[in-house]
1. Do the conditions hold for residue 259, that is, is it in a helix (DSSP H, G or I), closer than 22 Å to residue 365 by Cα, open to solvent by 10 Å² or more (accessible area, probe 1.4 Å) and acidic (Asp, Glu)?
2. Go through (1) surrounded by fewer than 19 Cβ atoms within 10 Å (Cβ to Cβ); (2) out of contact with any helix residue (DSSP H, G or I) (no Cβ under 7 Å at 6 or more places or on another chain) one by one and return the number of the condition residue 146 breaks.
3. For residue 305, which of the numbered conditions (1) within 20 Å of residue 376 (Cβ to Cβ); (2) not in a loop (DSSP other than H, G, I, E, B) fails to hold?
4. Within the range 141-157, which residues are within 20 Å of residue 269 (Cβ to Cβ) and either in a helix (DSSP H, G or I) or touching an Asp or Glu at 6+ places or on another chain (Cβ under 8 Å) (or both)?
5. Name the residue, out of 30, 34, 14, that is closer than 19 Å to residue 87 by Cα and among the β-branched types (Val, Ile, Thr).
6. Please indicate, with yes or no, whether at least one residue in the range 243-251 is open to solvent by less than 30 Å² (accessible area, probe 1.4 Å) and of a type in the set (A, V, I, L, M).
7. State which residue is surrounded by the most Cβ atoms within 10 Å (Cβ to Cβ) when the search covers only the range 109-141 and only residues that are of a type in the set (Gly, Ala, Ser) and touching a Cys at 6+ places or on another chain (Cβ under 8 Å).
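The values are calculated or read from the model by the stated rules, or taken from the named source; none is laboratory data. Quick caveat, the model's predicted, so the values are computed rather than measured. Neighbour counts run over all protein chains shown; Cβ positions are idealised from the backbone, glycine included. Calculation scope for accessible area: heavy atoms of the full protein, side chains included, ligands and nucleic acids excluded. Shrake-Rupley method; radii C 1.70, N 1.55, O 1.52, S 1.80 Å.
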Amino acid sequence: MSMQVPQGFRMAGVHSGVKRNLSRLDCSLVVSDVPAVAAGVYTKNLVYAAPVELDRARTPSSGFRAVAINSGCANACTGERGLRDAEQMAAAAAATCGASGEQALVLSTGIIGEFIALDKITAGLQQCAAQLGSDETSLINAARGMMTTDTVHKVAARSIAIGPRTIQVTGMCKGAAMIAPNMGTMLGLILTDAPLSPASAQAALSAVVEDTFNCISVDGHMSTNDTVLLLANGAAGGAELSGKELAQFQSALFDVAEELSRAIPADGEGATHLITIQVVGCKSRSDARQIAKTIADSALVKTAVAGADPNWGRIVSAAGYAGIPFDPKRVDLTVNGFSLYQQGAPVPFDADKVSSSIRDNRDTSIILTLGEGTEHITFFTTDLTAEYVRLNADYHT
C-alpha cells in the first residue's frame, strides 16, 4: 500500500556532499504550497543544538512554508555561528518557494561540535527545489535525507474521514542510537492537510509525543537535537478542527507517531531484539513511564535479552530503584507470555522454553503488573550487543 502525502505538500531529498558516501542522501526539503501552522516538541537537554533554538523560538505559530533538513552534521555546540548558520539554512529553504526566512524551520542531525557546510547544504536545497514531488518516492527520499546510522527509512501514514473531509496524516523520522527522548539523535516531522490552530496543533502534538516518542529508548542517551515538528496547512478545507473532530485527528496523529517511534528502537544500532515493556497497575501514567524507562535503560536487562537469559531478577530490581513507591509483594511479571514472578515471589517455569522464546524471536515482551492503580504505559527499547559497542566506538562520520 502506497504512502500518501497530504494535500499541498511537496518534498525531495538529495546528496549534497555533506556525507562522503555518494549513495547516502543528506539534504531534504519539505515545502507547503500554502502557509501552514507549525508546532514542535524539543529536547529537554540543557545542551541543545542551534536548530532546536531556532525552531523552539518560532513555534507554535502560523505562516510556515518550508522545512530544511540535513544529516551528517548536528550543528550542535557551535555557538553564535551555529545559530547564524541555522538561520541562513532556513532562509535558503524559504527562498526556494518565495517565502521569507522566518517562514521556515530547520532540522539537523549528525556529529556534534562541527560547523555545517552551509554552501553544500544551500546548493542541496536548491537541488531539492528542482525535484519537489508529492509521490511516495519523493516522501521516501526526503526521509532518507535525514538518516544517519539508520539502516532503513521510517515513514508512516493514516487517512481518516472527518465529516465530509478526508484528512491525511503522514510522517517521517530518523533515529537508531543516542535515543532517550524527553520532550539522541531523533528527528520527526509529521505533515497533515487538516486545518488546525497553532494552539490546537501544539496541544495535540505535545499529548501524543508524551506517549510515543517519549516512550522509547535505545541507550538512555538524550540527544542535543531531538525534535518532533507538526505542520498543518489546512489544504483539506473547512473550518479549524475542534471538539470531537479534533479528537479524531489526534487519534490518527497518535497512530502515526506510535508507528514512527516504534520503528526507531526496531532499527536500534546493533540490536537483535525489539523489547516491548508494558507496566500496568500504577497510580499514574508518569509512574508507569518512569518504571518502564528505568527497566528499558538497564544495561543488565538489555544484555539478558541479548543473551536470551530469562533473568527476571534484573527486571524486578530495576523497577525497584525507579524511584516510584509500590508494594513489592503485589508484583507480577511475565516474559513472552510466561509467568516468572507472582505476588512478589518466583514461580516454577521452564527456563529453556523461555530462553528459546527470546532467542528465536526478534520481539520480546515484558509485562510488569503492580497492584497500585489502573494506569499503564507501553515503552519500546532494544537489547544491548557487542555490535552496538563496536558501532559507537568507531562512529565519526
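1. yes
2. It is condition (1) that residue 146 fails.
3. All conditions are met except number (1).
4. 143, 144, 145, 149, 150, 151, 152, 154
5. Working: 34 fails: closer than 19 Å to residue 87 by Cα; 14 fails: closer than 19 Å to residue 87 by Cα.
After applying the criteria, what remains is 30.
6. no
7. The extreme case among them is 124.
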